[in-house]
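Novice: Quick one: the structure is below, and I'll ask about it shortly.
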Amino acid sequence: MAYVDTGSVTRNHFERPMVIDTATEELPSRARRKVENGDVVYSTVRPNQLHYGIMCNPPNNMLVSTGFTVVRDSMGVGGPFIYLALTRSSITTKLQSVAEQSTSAYPSIKSSDLEQLEIPMPTQEEVEKVRPQLDSLFTAIAHNENESKTIAGLRDALLPKLMSGEIDVSKVDITQLNYHLLVVAHRARNQLIDVTVLDIQMSGVC
């Protein structure tokens, strides 16, 4: 079972989820909310700390904390549009103001506070034009972040071995390494998305 708490995501940057073997370990008491691809998770505590993100192909056994409100697309506009709409600075400021008026021990909002937000909806024509681009963009972001985590893990595992001399790189063929870097750069360039098509009319929204 994979579990994400509110402190492990900030501005759509997810730390590696906690992996729990339910055969031998108990789930955290707040691990109760199931999520699906495209769901937006938004922490109900201190909105100005920006603990929110969008789920891109989460594992089937993913749970998130009850400290999140899970926002699911029911209008067909796509999770990325909802994410961008909810994470604008004007919305954060408004929700933080609501949180500071709460009667709880710390500034917090309720799911109903998100439900009451007024967000202009795009036309069907705009959705058909923009949604595929947004979906591709957010998928690429998630893919790149996962690759970065993998590379960071390799770095942390290999660096001590390099420093101690356990691994000898003195005979590494630099020309092969440079070729590999060229291939990676070419692949990244081909994945670039023309964001100029994402010209949703947002005037009057902020």
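The values are calculated or read from the model by the stated rules, or taken from the named source; none is laboratory data. Model, not experiment: these values are computed from the prediction. FYI the Cβ positions are ideal-geometry reconstructions off the backbone, even for glycines, and counts take in every protein chain you see.
Novice: Only one of ARG16, ARG32 is touching a residue at least 24 places away in the same chain (Cβ under 8 Å) and under 17 Å from the mean Cα position of the chain (by Cα). Can you tell me which?
Specialist: Working: ARG32 fails: under 17 Å from the mean Cα position of the chain (by Cα).
Sole residue among the options that is touching a residue at least 24 places away in the same chain (Cβ under 8 Å) and under 17 Å from the mean Cα position of the chain (by Cα): ARG16.
Novice: Every residue in region 68-103 that is surrounded by fewer than 16 Cβ atoms within 10 Å (Cβ to Cβ) and either among the basic types (Lys, Arg) or touching a strand residue (DSSP E or B) at 6+ places or on another chain (Cβ under 9 Å) (or both), please.
Specialist: Answer for region 68-103, where residues must be surrounded by fewer than 16 Cβ atoms within 10 Å (Cβ to Cβ) and either among the basic types (Lys, Arg) or touching a strand residue (DSSP E or B) at 6+ places or on another chain (Cβ under 9 Å) (or both): ARG72, ARG88, LYS94, SER102.
Novice: Count, please, the residues in region 56-71 that happen to be at pLDDT 95 or above and not hydroxyl-bearing (Ser, Thr, Tyr). It would help to see each step written out before you state the result.
Specialist: So in region 56-71, the residues at pLDDT 95 or above come out as 63-71.
If we keep only those that are not hydroxyl-bearing (Ser, Thr, Tyr) too, we end up with 63-64, 67-68, 70-71.
Total meeting the criteria: 6.
Novice: In addition: Inside region 43-54, can you point out the residues that are surrounded by 22 or more Cβ atoms within 10 Å (Cβ to Cβ), not in a helix (DSSP H, G or I) and not β-branched (Val, Ile, Thr)?
Specialist: Step one: of region 43-54, the residues surrounded by 22 or more Cβ atoms within 10 Å (Cβ to Cβ) are 43-44, 47, 51-54.
Then drop every residue that is not not in a helix (DSSP H, G or I), which leaves 43-44, 51-54.
Selection gives SER43, HIS51, TYR52, GLY53.
Novice: Also, I was wondering about something else. Would you check which residues across region 104-113 are surrounded by 12 or more Cβ atoms within 10 Å (Cβ to Cβ) and either not aliphatic (A, V, I, L, M) or not assigned by TED's automatic domain parsing to the domain that holds ILE91 (or both) and list them? So that I can check it myself, show each step before the final result.
Specialist: Step one: list which residues in region 104-113 are surrounded by 12 or more Cβ atoms within 10 Å (Cβ to Cβ), which gives 107-111, 113.
Within region 104-113, PRO107, SER108, LYS110, SER111, ASP113 qualify.
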